[in-house]
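Worksheet: one structure, shown below.
What follows is calculated from the coordinates using simple rules that are stated; it is not laboratory data. As the structure is a computational prediction, the values presented were derived from the model and not from experiment. Note that each Cβ is placed from the backbone with ideal geometry, even for glycine, and that neighbours are counted across all protein chains shown.
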Number of protein chains: 2
Amino acid sequence: MAIQLNDITRQDNTLAVLRTLRAQGPLARVDLGTLNGISSATVTSITSELLKQGLVVELPHDTLQSNGRGRPKTLIQLNANAACVICIKLSINDVQIVVGDFTGQVRYSRHYPLVTLSLSPEGLSDFLEAKVADIRADIANTYRCFAGICLAVQGVVSPSNGTIIWSPALSFRNASLSERLANTFACPVLLENDTNCIAKTLAGQPGYSAYPNLVVIMLGYGIGMSVLIDGKPFVGANGSAAEFGHSKYEPGGALCACGRRGCIEAYASDYALYREARAMLSLPPGDSAHPSAEQMQALTQLAMQGDPIAKQIYDKAGRALGHGIANVLALFNPDMVLITGSGIRGYEAMRPSLEHTLRDALVDELISPSHLETCPWDRDMTCLGGIAMTLDATERDILTALPAEPT
Amino acid sequence: MAIQLNDITRQDNTLAVLRTLRAQGPLARVDLGTLNGISSATVTSITSELLKQGLVVELPHDTLQSNGRGRPKTLIQLNANAACVICIKLSINDVQIVVGDFTGQVRYSRHYPLVTLSLSPEGLSDFLEAKVADIRADIANTYRCFAGICLAVQGVVSPSNGTIIWSPALSFRNASLSERLANTFACPVLLENDTNCIAKTLAGQPGYSAYPNLVVIMLGYGIGMSVLIDGKPFVGANGSAAEFGHSKYEPGGALCACGRRGCIEAYASDYALYREARAMLSLPPGDSAHPSAEQMQALTQLAMQGDPIAKQIYDKAGRALGHGIANVLALFNPDMVLITGSGIRGYEAMRPSLEHTLRDALVDELISPSHLETCPWDRDMTCLGGIAMTLDATERDILTALPAEPT
């Protein structure tokens with residue numbers, strides 16, 4: 001019994017060391033001990049084992065930043081090539097596949113434009129299997145271990161049973177793609193909502209870790225939300241919680257991609273903004289039902305430059321968002337609502353009406369406990385979050401797959 | 001170390017036995033063992049100790065229901081008079097004080113009608129202190145131990161720091177009443193939202209324990225909500241989550257008691273229904289801003305009898321509720337939404353428009369995972385829940401306060 005307990009503690013400490021290195025980059029052994037509350041003898045023993053396993057490396061002395069006193073400390077960092085994971089991001093008309101290394105960084109990324117709405121479950125599975133097989137063959141010699149796959153999907157998914165319940169990118173419903181991938185590649189396959197991946201990335205950042213009850217709203221082609229309660233994603237009874245985009249603004253209002261009327265998304269998503277604009281304004285040509293980044297940029301610019309029609313469109317979107325955020329504050333009482341996504345480009349045009357609607361909707365006691373902030377959309381936070389989740393889910397497998405080589 | 005661990009396990013088992021007896025009534029020792037996964041030797045030892053402590057009693061043989069085979073088993077039941085708690089329910093223009101016994105049942109209840117909105121924090125504290133002191137003196141000889149007090153309040157409260165943030169029953173805000181009561185009566189004082197108390201009562205019933213993600217909506221003078229996630233009340237960052245009554249229906253719509261416009265409560269609460277009705281219909285006289293049960297009964301009856309104006313009022317209330325429940329399903333994805341409260345008397349008049357609005361608002365994938373049910377309002381579920389919460393919070397204190405007497 002005693003030995004087993006020690007083994008569990010030892011593995012927990014080892015995982016804590018690996019996570020700290022992933023979050024903070026190279027660190028001296030003494031800092032690894034302090035940050036994790038582990039004795040220096042234990043840190044030395046753990047890092048020695050991890051060095052033998054090839055999971056960490058020592059940074060050569062000449063790359064060290066000395067603090068100018070005494071001799072420079074040797075730093076430990078993760079061996080980026082020890083293991084890798086693949087994240088597949090499924091959006092409307094775009095499949096992105098990325099490879100993440102053991103440090104959690106994106107090392108390879110490719111977009112595959114395809115008409116996702118015309119795919120059958122088998123067609124999509126065939127496509128993903130072929131592309132993942134190609135990429136796995138390409139990277140086989142780079143990484144020592146292939147740990148798992150994350151499928152990050154726009155829409156409603158059930159992470160626990162691997163089912164895509166409903167996605168605006170797909171014409172089929174209630175399909176399981178994870179099982180076939182798991183069988184073909186003999187690895188765990190996570191299914192996640194794309195906004196939950198973004199929340200995972202954001203919650204890991206020092207600036208936001210002080211807000212354990214965090215709501216992340218993603219503006220883009222659709223509108224997604226992720227709710228963290230005490231730092232953990234809240235997914236509800238079967239995974240479809242936090243469907244902010246389909247919470248309601250106006251009964252019987254604008255038509256939404258879901259087929260119902262008056263959803264927040266039907267006012268403030270890219271397609272909704274562009275739908276209002278295209279009849280009245282001169283905008284770049286293209287598929288106006290699925291506006292490109294360039295098309296949205298042109299529309300946002302008009303609003304920012306004061307075009308009265310564009311301003312009115314963003315004004316209405318801001319009112320819908322403010323109304324929806326009022327409901328989120330009344331129902332979730334979060335520490336912070338953080339708005340991000342590619343649609344953040346138009347936030348300044350929506351902000352006045354959003355803030356006015358919010359103040360008008362709720363008593364101060366329900367607004368003041370929650371910070372409202374925006375976060376720039378300058379990195380691929382979906383894929384970074386999917387990679388982080390997959391590394392978290394497979395870290396014990398990786399430890400087992402890479403035993404220490406005898407010295 | 002070993003002895004301490006055993007002590008903890010022993011106490012946990014003892015508490016499990018007490019909770020089982022509270023939930024299920026008198027039980028044979030063998031059933032107490034089976035239900036809690038405890039050996040019969042341990043049950044015998046625990047019940048022997050509890051008998052010495054006077055916390056349980058053996059049921060005399062002649063009251064036993066024999067199963068007709070063999071000799072009847074001796075049943076163990078809680079000693080109702082071992083301990084008591086007080087629950088104070090604070091509603092608009094009514095303070096109710098009840099005494100709950102060790103089995104969790106209400107043994108004494110009294111309503112004090114008073115104009116709550118005219119009270120200062122000190123005035124209310126003086127009043128509660130005097131009444132609780134009187135009742136404590138009355139019951140001093142009945143119960144062996146006075147364990148604690150629960151303050152169940154309509155409105156937004158912060159259970160963790162004991163502050164009433166905002167209540168429709170009170171004109172002051174951000175007041176702490178619990179601390180003074182705790183000091184005066186030298187006992188723990190819980191502060192709870194009234195709907196959370198109701199949810200506690202309901203979640204303890206066999207019919208609902210299969211729904212760990214349970215949303216309870218209380219219709220009455222105001223509209224309250226409690227959200228249980230994995231069986232635990234969700235209160236948000238500072239206790240003001242689940243403010244369903246102040247989530248929004250129409251931007252700029254009907255005026256709400258909170259001072260804002262368009263809240264669900266401003267359409268479907270007693271005061272909102274009565275406000276619409278009083279100008280057009282012949283109704284019992286009285287304070288129409290705070291309609292009595294009799295006044296509401298008269299209005300409901302008109303709607304049920306097909307009066308077109310009353311029907312229209314309940315129809316609109318049903319639309320507002322359906323819209324609000326759509327948001328709750330989209331955001332919380334609960335196993336069940338359970339509607340109760342005194343306002344349930346008018347539910348049948350609201351149901352058609354409520355159900356129609358809900359189906360219209362959301363895709364089936366967001367509706368079908370959640371059951372929608374009503375629960376009759378035939379017991380004082382607020383006070384029962386407050387008593388249950390206080391017994392839960394003080395059970396270890398009670399065990400300590402009543403040591404076993406030497407046999």
Exposure proxy ranking, count of Cβ atoms within 10 Å, fewest first, for B:F185, A:F146: B:F185, A:F146
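Determine the shielding of peptide A:318-330 by partner chains: average, over its residues, the number of Cβ atoms on other chains within 10 angstrom of each Cβ. Could the numbers behind the result be given before it?
Details: counts 0, 1, 1, 0, 2, 5, 3, 0, 7, 11, 3, 6, 15.
For this peptide, the per-residue mean of nearby foreign Cβ atoms is 4.
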In Hz, Karplus ³J(HN,Hα) per residue of region A:145-162 (6.51, -1.76, 1.60; θ = phi - 60°; x = Gly, Pro): 8, 9, 8, x, 10, 10, 9, 9, 10, 5, x, 9, 10, 10, x, 5, 10, x
Cα-projected label distance for B:S282 with B:A16, points at 7 Å along beta-carbon direction, nm: 6.5
Cut-off under 5 Å, modelled amide H: who pairs with B:A242 long-range: A:L331, A:F332, A:N333
Choice from B:A317, B:A326, B:A23 with maximal GNM fluctuation in chain B (Cα, 10 Å cutoff): B:A23
Ranked A:M296, A:M336, A:M225, criterion: other C-beta atoms within 10 Å, fewest first: A:M336, A:M296, A:M225
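Helix-only estimate, please: 222 nm mean residue ellipticity of chain B, summing -39500 (n - 2.57) across DSSP H runs of length 4 or more and dividing by its residues, to the nearest 500. Mind showing how you got there, number by number?
Details: 13 runs with 172 residues, N = 407.
Taken over chain B, the calculation gives -13500 deg cm²/dmol.
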Spin-label model distance (nm) - B:D364 vs A:A133, 7 Å beyond Cα toward Cβ: 3.6
Cβ-placed point charges (K, R +1; D, E -1), dipole of the protein assembly as shown about Cα centre in debye, nearest 20: 400
Kirkwood Rh in Å, taken over region B:207-379 so that all alpha-carbon pairs contribute: 16.3
In sequence order, calculated HN-Hα J values of region A:204-210 (Karplus, 6.51, -1.76, 1.60; Hz; x Gly/Pro): x, 8, x, x, 10, 5, 7
Length-normalised contact order for region B:207-379 - Cα pairs under 8 Å, 6+ apart - percent: 23
Pseudo-label separations to other copies for B:S39 - Cα-to-Cβ vector, 7 Å, nm: 3.6
Net +/- balance of residues flanking A:G204 in space, Cβ distance below 12 Å, scoring K and R +1, D and E -1: +2
Residue among B:S282, B:S247, B:S176 with the largest mean-square fluctuation in a Gaussian network model of chain B, springs linking Cα atoms under 10 Å: B:S282
Taking chain A and dividing mean pair separation by its residue count, relative contact order in percent (alpha carbons under 8 Å, at least six apart): 15
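Calculate the dipole size of chain A relative to its Cα centre from +1 charges on Lys and Arg beta carbons and -1 charges on Asp and Glu beta carbons; express the result in debye to the nearest 20.
Numbers: 31 positive and 39 negative charges, 59 e Å.
Dipole magnitude for chain A comes out near 280 debye.
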Selected from A:A210, A:A266, A:A199 as most flexible by GNM, with chain A as the system and alpha-carbon contacts under 10 Å: A:A210
Residues in region B:266-286 that a label on B:I309 would reach, taking backbone N under 13 Å of a point 7 Å out along Cα→Cβ: B:274-284
Greater than 18 Å apart at Cα, pairs in B:K200/B:K248; A:K248/B:K248; A:K232/B:K248; B:K248/B:K316: B:K200/B:K248; A:K232/B:K248
Peptide A:362-371, shielding by other chains (average Cβ, 10 Å cutoff): 6
Distant-in-sequence amide H partners of A:A175 (H built 1.01 Å from N, under 5 Å): A:I164
For B:I367, label point 7 Å along C-beta direction: distances to other copies, nm: 3.4
Kirkwood hydrodynamic radius of region B:223-323, from inverse mean 1/r over distinct Cα pairs, in Å: 14.7
Cut-off under 5 Å, modelled amide H: who pairs with B:N193 long-range: B:V153
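Suppose every K and R has +1 on its Cβ and every D and E has -1 on its Cβ; what is the size of the dipole of region B:207-379 about the Cα centre, in Debye to the nearest 20?
Details: 13 positive and 18 negative charges, 73 e Å.
Charge dipole, region B:207-379, about its Cα centre: 360 debye, nearest 20.
Just counting partner chain Cβ atoms within 10 Å, what average do the residues of peptide B:137-148 show around their Cβ? Don't skip to the end; give the middle numbers.
On the way: counts 0, 0, 0, 0, 0, 0, 0, 0, 0, 0, 0, 0.
Mean number of neighbouring Cβ atoms from other chains: 0.
Given N residues in chain B, what is Rg(Cα) / (2.2 N^0.38 Å)? Could you put the intermediate results ahead of the total?
Values: Rg = 23.3 Å, N = 407, 2.2 N^0.38 = 21.6 Å.
Output field value: 1.08.
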Selection from B:N141, A:L354, B:S247 lying farthest towards where the dipole of the protein assembly as shown points positive, charges on Cβ: B:N141
Distance (nanometres) between label positions extended 7 Å along Cα→Cβ at B:S120 and A:E179: 7.0
Environment charge at A:G341 (Cβ cut-off 11 Å; Lys +1, Arg +1, Asp -1, Glu -1): -1
The protein assembly as shown - Debye-derived log10 I(q)/I(0), Cα point model, q = 0.11 Å⁻¹: -1.30
Sorted peptide list for A:41-47, A:298-304, criterion being average Cβ within 10 angstrom, highest first: A:298-304, A:41-47
Dipole of the protein assembly as shown [Lys/Arg +1, Asp/Glu -1 at C-beta], most positive-end residue of A:I229, B:T400, A:G204: B:T400
Residues listed by number, region A:16-33, amide nitrogen under 18 Å from A:T9 label point at 7 Å toward C-beta: A:16-17, A:33
Across the identical copies, how the A:D287 labels are spaced - nm, sorted shortest first, 7 Å along Cα→Cβ: 6.2
